[in-house]
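As structure tokens, the structure follows; a few thoughts come after it.
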Amino acid sequence: MTAYDPLHDPGQMPPTTASLDVEIAVTRRILDETADLNIHSDGDMRSAAFALNCRVRGLLAAIEAERGEGR
């Protein structure tokens, strides 16, 4: 047991990924949504870290799937 909650839990990742085009569009939307968050707000930064971590993982999975690479 850890004294913290990790940013990423592999067990919570969806088993499938969207197409690369969809992942790029969602990533752009998340970047837009997090751009104006307050860097001095712990809550805002936690939200941004979680959202961006999820998006990078989804984007990477879509790139790997398009290339035919296994995980």
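A probe of 1.4 angstrom, applied to the heavy atoms of all protein chains, finds residue 57 with accessible area near 80 square angstrom. With every protein chain in place and a 1.4 angstrom probe, the accessible-area ranking of 66, 23, largest first, reads 66, 23.
The values are calculated or read from the model by the stated rules, or taken from the named source; none is laboratory data. Source: prediction; values computed, not measured. Only protein heavy atoms, including side chains, enter the accessible area calculation; ligands, DNA and RNA are left aside. Shrake-Rupley method; radii C 1.70, N 1.55, O 1.52, S 1.80 Å.
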